[in-house]
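Here is the structure we will look at, set down as structure tokens.
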Amino acid sequence: MGERNITTARKRGRKYHSGTFLYSLTHDGALYFMLLFPIAVAIIFRYVPIGYLAIAFKNYNFVDGLFRSPWVGFKWFEKFFTYRKFGLIFGNTLKISFGTLIFGFPAPIIFALLLNETKNLRFKKAVQTISYLPYFVSTVIVVGMMNQLVSPTTGFINEIIRALGHDTVMFNTEPQYFLPMYIISGIWSGLGYSSILYLSALAGISQELYEAAEVDGAGRFGKMIHVTLPGILPTIMILLLMRLGTLITVGFEKAYLMQNDLNLKASEIIGTFVYKQGIVRMDYSYSAAVDLFQSVVNIALVTLFNTISRRVADISLW
Amino acid sequence: MIRSKSIGDRIFVIINYTLLTILGIMFFYPILYQLAISFSSAQAVSAHKVFAWPVEPTLKSYAKVFETGKIIRAYKNTLYYTAFGTVLQLIGTTFIAYPLSKRRLFGRRGISFFFYFTNVFNGGMIPTFLVVRNLGMIDTVWALVIPGCISVYYAIVLRTNFEAIPSDLEEAAKIDGLGNWAILLKVYVPLSKGIYAALTLFFAVGFWNSYVQPLIYLNDDTKFTLQMLLRNIVLQGQMTDIGAGASNMQDLGTNTDTLKAACIMVVMLPIMCVYPFIQKYFVKGIMIGAVKG
């Protein structure tokens, strides 16, 4: 390829050719210069914060800063585990994580499969295009629209419920509806976007396989089970493993926006707790410890699933 | 190839098309609903007459939205953050992707891992906040724009794109005497117009819609973004930001629902304008990312 051009020049007696640092530095100094900016940002805003995680084991205050604040060991972790709402918060986090995984992960796959079964290209493209729209709607707006739809007074859904003869349902304020609303709104937002990858994988399945299945007497569902699903299985597995990487680190944004004083029993998760304790109450050490706890549990779970996946199906992240 | 259509098959097709049509409607109905409400009178809305189109159309809600200058100010702030952030993120992503796309670069694998690791493990909300705070960046645009300007995922997408460009072009350019900067700007970037269009869209929408960063890093309410204002109005019913006290609402033909809907539509406007372009670049953008996987 022309890159293995060995030019030996005497540069302080060292071999000087393509592939050594000196060569790169002098010939492509511009490239390293370009990298300086992102590397600096990464160090300051990604790696340095990792160092700051130490405050989870200290009693951080601004005067002493990161290095001189006193160590307190596992005090904050003990405090969190003995907190009377610990079970509630941790439980809600788990419920939301697994709920969105169990319902939210298969939904785009099913949608892609159904869409794949339609033969009318214009219909297919139209539905696809519309399905991306929710993805670009901000979380604030999604929650706002959802609140409006389920509103006890002017909401469309309660209209229908009342027309059917039942009492108004207080979706917003009763804790038991929090999880379903969270999951359903999540599916609404992400279905179209997530389905793109599956649709492209589906398009890549060879037509010959379908024809062979047809010859063997497979009907629509037979083809789906024996040709389609195996065809997109690698895509599914990869996306599943990537999805598992953030299994229980549920982002706090939507839960926080959906939260109100009345549904806290279901809406308080580790993420919202960390925000309120840390940013609002400025209890930095404690909240950092709670956040760290969540990350550690997450890594443990991912490792577990990865090991299982490797043993059972020989597919894994590492 | 003979296709015998059994009754069961026909039923499936009918159900499938129906289901997908219903889904399609559900994707845009909520937005349509808000649009209708925003242009309707308060009386029509409270009387449950509004379903998909405005009833007793009026612009009063929109007039109210802009009455105090707050929405306009938030608009200016958000436009500023979005433009600045998008440009910076494009530059940052390019500066990661381009050098790492060159196989001859010494340390390429190590540097790649250095960036990739930030996706695997990071400090979390509190440590990052503390770093930003200790750097004195609270209440500045920098806090919103710098930490996010290196997106590893999109850098990989862009790098894959650069790697796919034939190296003969670079060699030809070198023979013409062009240096690395010129090669990047005059050869690689122009050839990647599609990807850059897609990236610009993703980044811009990301900034426009972001809520968490402004929430954490902005305390001065003159600097608030649209999403923050929107949250106060739509989710917490604070109507004071749009100058509508409870007392004078009914006789002006507006109520909380119409005002909230108008606010939502005002904030969504750029997204709706950009959406047609999304169809063109969006799918390609995701696909490139998929090829890498």
* List pairs: first in the range A:211-236 and free of Cβ contacts under 8 Å to residues at least 40 places away in the same chain, second part of a helix (DSSP H, G or I) and among the basic types (Lys, Arg), Cβ under 7 Å, 6+ apart or cross-chain? -> A:Ala213/A:Lys223
* Look at A:Tyr47 and say whether it is touching a Leu at 6+ places or on another chain (Cβ under 6 Å) and at pLDDT 90 or above. => no
* From the residues in the range A:170-215 that are more than 16 Å from A:Gly144 (Cα to Cα) and not in a helix (DSSP H, G or I), which one is modelled with the highest pLDDT? -> A:Glu174
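Give A:Asp283, A:Asp314, A:Asp291 a once-over and let me know the one that is farther than 30 Å from A:Pro234 by Cβ and over 22 Å from the mean Cα position of the chain (by Cα). Give the steps one after another, and end with the answer.
Values: A:Asp314 fails: farther than 30 Å from A:Pro234 by Cβ; A:Asp291 fails: over 22 Å from the mean Cα position of the chain (by Cα).
Of the residues listed, the single one that is farther than 30 Å from A:Pro234 by Cβ and over 22 Å from the mean Cα position of the chain (by Cα) is A:Asp283.
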* Structure fact -> Inside the range A:142-181, the number of residues satisfying the requirement of being within 11 Å of another protein chain (Cβ to nearest Cβ) and aromatic (Phe, Trp, Tyr) is 1
* the range B:185-201 - residue that is touching a Phe, Trp or Tyr at 6+ places or on another chain (Cβ under 8 Å), of a type in the set (A, V, I, L, M, F, W, C) and surrounded by fewer than 20 Cβ atoms within 10 Å (Cβ to Cβ) and, of those, modelled with the highest pLDDT -> B:Val189
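Let's see how each residue does on (1) at the interface with chain A (Cβ under 8 Å from one of its Cβ atoms); (2) more than 27 Å from the chain's Cα centre (by Cα); (3) under 30 Å from A:Leu247 (Cβ atoms):
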site: B:Leu59; (1), (2), (3): no, yes, no
site: B:Ile71; (1), (2), (3): no, no, no
site: B:Ala83; (1), (2), (3): no, no, no
site: B:Phe95; (1), (2), (3): yes, no, no
* Structure fact -> Of B:Phe39, B:Phe51, B:Phe84, the only residue that is modelled with pLDDT of 90 or more and assigned by TED's automatic domain parsing to the domain that holds B:Cys263 is B:Phe39
* Would you point out the residue of the range A:143-184, among those that are over 28 Å from B:Asn209 (Cα atoms) and of a type in the set (Gly, Ala, Ser), that is surrounded by the fewest Cβ atoms within 10 Å (Cβ to Cβ)? => A:Gly165
* **Criterion violated by B:Leu158 - all others in (1) crowded, with 21+ Cβ neighbours inside 10 Å; (2) over 30 Å from B:Ile271 (Cβ atoms); (3) out of contact with any Asp or Glu (no Cβ under 9 Å at 6 or more places or on another chain) satisfied** => (2)
* Structure fact -> B:Val283 fails exactly one of (1) farther than 15 Å from A:Thr129 by Cα; (2) among the β-branched types (Val, Ile, Thr); (3) modelled with pLDDT under 90, namely (1)
* Would the range A:257-264 turn up any residue that is of a type in the set (Asp, Glu) and either modelled with pLDDT of 90 or more or assigned to a helix (DSSP H, G or I) (or both)? -> no
* Residue under evaluation A:Thr235, criteria (1) at the interface with chain B (Cβ under 10 Å from one of its Cβ atoms); (2) surrounded by fewer than 16 Cβ atoms within 10 Å (Cβ to Cβ); (3) within 31 Å of the chain's Cα centre (by Cα), criterion not met -> (2)
* Answer from A:Thr139, A:Thr129 - the residue that is within 13 Å of chain B (Cβ to nearest Cβ), touching a helix residue (DSSP H, G or I) at 6+ places or on another chain (Cβ under 7 Å) and either closer than 22 Å to B:Ala42 by Cα or surrounded by 20 or more Cβ atoms within 10 Å (Cβ to Cβ) (or both) -> A:Thr139
* Would you list the helices (runs of 4 or more DSSP H) that sit entirely within the range B:114-187 and hold 3 or more residues that are under 28 Å from A:Phe45 (Cα atoms), of a type outside the set (A, V, I, L, M) and facing another protein chain (nearest Cβ under 10 Å)? => B:125-134
* Just a yes or no: is a residue in the range A:66-89 more than 22 Å from A:Tyr286 (Cβ to Cβ), of a type outside the set (Ser, Thr, Tyr) and surrounded by 16 or more Cβ atoms within 10 Å (Cβ to Cβ)? -> no
* To do: Identify all residues within the range A:90-125 that are among the aromatic types (Phe, Trp, Tyr) and farther than 19 Å from A:Met258 by Cβ; write none if there are none.
  => A:Phe105, A:Phe111, A:Phe123
* **Enumeration of residues in the range A:119-169 that are part of a loop (DSSP other than H, G, I, E, B) and closer than 30 Å to A:Tyr198 by Cα** => A:Lys119, A:Asn120, A:Val137, A:Ser138
* **Qualifying residue in the range A:224-231 (condition: part of a helix (DSSP H, G or I), modelled with pLDDT of 90 or more, surrounded by fewer than 19 Cβ atoms within 10 Å (Cβ to Cβ) and away from chain B (no Cβ under 13 Å))** => no
* Quick one: which of A:Phe111, A:Phe90 is under 30 Å from B:Cys273 (Cβ atoms), assigned to a helix (DSSP H, G or I) and at pLDDT 90 or above? -> A:Phe111
* Residues being aliphatic (A, V, I, L, M) and more than 15 Å from the chain's Cα centre (by Cα): count how many of those fall in the range A:77-106. => 2
* **Residue selected from the range B:161-184 under the condition surrounded by 17 or more Cβ atoms within 10 Å (Cβ to Cβ) and touching a Phe, Trp or Tyr at 6+ places or on another chain (Cβ under 7 Å), by the criterion nearest to B:Tyr80 (Cα to Cα)** => B:Leu184
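The values are calculated or read from the model by the stated rules, or taken from the named source; none is laboratory data. All values derive from a computational prediction rather than experimental measurement. Glycine gets a Cβ as well: all are built from the backbone with ideal geometry, and neighbour counts include every protein chain shown.
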